Amino acid sequence: MKAIRKCLFPAAGFGTRFLPVTKAMPKEMLPIVTKPLIQYGVEEAMQAGISGMAVVTGRGKRAIEDHFDVSYELDQQIAGSEKEDLLSDTREIMSRCTFSYIRQGEIRGLGHAILTGEPLIGDELFAVILADDYCVAEGDSVLAQMVHLYEEYQCSIIAIEEVPQEESFRYGIIEGETQDESVYRISNLVEKPAPTDAPSNLAIVGRYILTPDIFDIIRNTAPGRNGEVQITDALQSQAAQGKVIGYRFEGRRFDCGSVSGFIDATNYTYNKQNPQ
Ligand code: UTP
C-alpha cells in the first residue's frame, strides 16, 4: 500500500478579496483567532499521517516561511514564561515536519500552481490542501478521512459538499454515480457553471488526493475558464477513466477566501474555544 508522504499547499494567489490586508501579507497567514489559516491546514495534513509539507508561494509570501521556522529572539524573550505554551503547536510541527517551497512566478491558475509543485512532490501520490478552505471535523480530519478512502479506491479522491444550486458559479461542480451515500464515482467536472448548466449541486472543496499522472495531464491541459489552467479540467481526463472519487466528508468547511466565510470561521472557532 502506497503511503501519502507529502501535502502540497498552493498559496501563490493574491487574495484580492481581502485587500488591503493582503497587499503585504499572505492570505494564508490570516488568523482564525490566533493561528494562521495555513497552520490549520498543516495540522490537518499531520493528522492524516503526512509530514512533508510542500508550499507553492510567490512574491510577498515570505511570512509563511518565517512562520514555520525558528525565531531565536522571540524564543529567548518568552523562555520560561507561561507564553511558551502559545508556541507549543508550532514547535511540534517544526519538529515533526519538513517544509519545502517553490515559487509560482505567474498566477496562471490552480492547475498550474499544482504543476509548479511537481519538483517538490516527484513521482508519488500526494495530497493538496487549499488553506483558505478551512475544514473542521469532530473525529478524523477531513484529509485523514480521504486517506482512508484512498486505501479502498486507489485513485484520485476529491472532497465535495452540497451547495445551493444558485451558487454553482463559484465552484467546480461534479457529476457522478453514487457508490454509497457519501462516495461518488465522478464522470464529469465543470468549472464554475451557471446554475442552469450545473450537472449537480455537489461542489469541489479544497482537499484532494492526486495520483502523480496528474502532472503530465496538467502539462497537456489548455487554459480554461479565465485563461487559467484549471485542475478541474485536468481531473476530467482521470474521471473519463473512472479514476476520480468524490467524497462527501464528515465535518464543516468555511470558505475563508471570502470575508463572510472568514468571519463565520473566526466566530465558530472562538466559540468552540471559549464555550459559554
Ligand atoms: P483563489 O482564486 O481562491 O485564491 O485560489 P486567490 O486568487 O488568492 O483569491 P482572490 O480571488 O484573489 O481573493 C484558490 C487557491 O489556489 C491558490 C490560491 O493561493 C488559493 O489558495 N492559487 C490559485 C495559486 O497558488 N496559484 C494560482 O495561480 C491560483
>> Being open to solvent by 40 Å² or more (accessible area, probe 1.4 Å), away from the ligand (no atom under 16 Å from the Cβ) and modelled with pLDDT of 95 or more is true for just one of ASP89, ASP123. Which residue is that?
In response: ASP123
>> Among the residues of the stretch 67-82, are any open to solvent by 90 Å² or more (accessible area, probe 1.4 Å), away from the ligand (no atom under 14 Å from the Cβ) and in contact (Cβ under 8 Å) with a residue 40 or more places away in the chain?
In response: no
>> I'd like to know if the stretch 55-66 contains one or more residues that are of a type in the set (D, E, K, R), away from the ligand (no atom under 16 Å from the Cβ) and open to solvent by 40 Å² or more (accessible area, probe 1.4 Å).
In response: yes
> Within the stretch 132-183, can you find the residues that are more than 14 Å from GLU44 (Cβ to Cβ) and hydroxyl-bearing (Ser, Thr, Tyr)?
Replying inline: TYR150, TYR153, SER156, SER168, TYR171, THR178, SER182
> So which residues in the stretch 1-43 are in a strand (DSSP E or B) and within 14 Å of the ligand (Cβ to nearest atom)?
Replying inline: CYS7, LEU8, PHE9, PRO10, PRO36
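Determine, yes or no, whether SER95 is without any contact (Cβ under 8 Å) to a residue 12 or more places away in the chain, within 30 Å of GLU151 (Cβ to Cβ) and more than 20 Å from the chain's Cα centre (by Cα).
So SER95 fits the description; yes.
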>> I'd like the full set of residues that are in contact (Cβ under 8 Å) with a residue 24 or more places away in the chain, out of contact with any Lys or Arg (no Cβ under 9 Å at 6 or more places or on another chain) and assigned to a loop (DSSP other than H, G, I, E, B), limited to the stretch 214-229.
In response: THR221, GLY224
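Can you name the residue in the stretch 95-114 that is part of a helix (DSSP H, G or I) and open to solvent by 60 Å² or more (accessible area, probe 1.4 Å) and, of all such residues, is nearest to ALA131 (Cα to Cα)?
Quick first cut of the stretch 95-114, residues part of a helix (DSSP H, G or I) only: 95-96, 110-114.
Still in the running and open to solvent by 60 Å² or more (accessible area, probe 1.4 Å): 95-96.
Values: SER95: 21, ARG96: 19 Å.
Among those that are part of a helix (DSSP H, G or I) and open to solvent by 60 Å² or more (accessible area, probe 1.4 Å), it is ARG96.
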> Can you tell me which of ALA48, ALA137 is crowded, with 19+ Cβ neighbours inside 10 Å and touching a residue at least 12 places away in the same chain (Cβ under 8 Å)?
Replying inline: ALA48
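Residue-wise test of (1) in contact with a Lys or Arg (Cβ under 7 Å, 6 or more places away or on another chain); (2) small (Gly, Ala, Ser).
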position	(1), (2)
ASP85	no, no
ARG96	no, no
GLY105	no, yes
PRO119	no, no
PHE126	yes, no
ASP132	yes, no
ALA137	no, yes
MET146	yes, no
> When only residues in the stretch 142-154 that are touching a strand residue (DSSP E or B) at 6+ places or on another chain (Cβ under 8 Å) and open to solvent by 10 Å² or more (accessible area, probe 1.4 Å) count, which is farthest from the ligand (Cβ to nearest atom)?
Replying inline: TYR153
>> With the requirement that a residue be open to solvent by less than 10 Å² (accessible area, probe 1.4 Å), of a type in the set (Gly, Ala, Ser) and over 14 Å from ALA113 (Cβ atoms), what does the stretch 230-244 give you?
In response: ALA239
> Restricting the first residue to the stretch 100-118 and requiring it to be near the ligand (Cβ under 8 Å from one of its atoms), which pairs with a second residue that is part of a helix (DSSP H, G or I) and open to solvent by less than 10 Å² (accessible area, probe 1.4 Å) meet a Cβ separation below 6 Å and a spacing of at least six or different chains?
Replying inline: GLN104/ALA113; LEU110/ILE231
> Residues in the stretch 250-261 that are of a type in the set (A, V, I, L, M, F, W, C) and either more than 15 Å from GLY206 (Cα to Cα) or open to solvent by 30 Å² or more (accessible area, probe 1.4 Å) (or both): how many?
Replying inline: 1
>> If ILE173 satisfies all but one of (1) free of Cβ contacts under 8 Å to residues at least 60 places away in the same chain; (2) open to solvent by 30 Å² or more (accessible area, probe 1.4 Å), what's the number of the condition it fails?
In response: (2)
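The values are calculated or read from the model by the stated rules, or taken from the named source; none is laboratory data. Remember, predicted model here, so these are calculated numbers, not experimental data. Ideal geometry is used to build each Cβ from the backbone, glycine not excepted, and the neighbour counts take in all protein chains shown. To get the accessible areas, we keep the full protein, side chains included, count just its heavy atoms, and leave off ligands, DNA and RNA. Shrake-Rupley method; radii C 1.70, N 1.55, O 1.52, S 1.80 Å.
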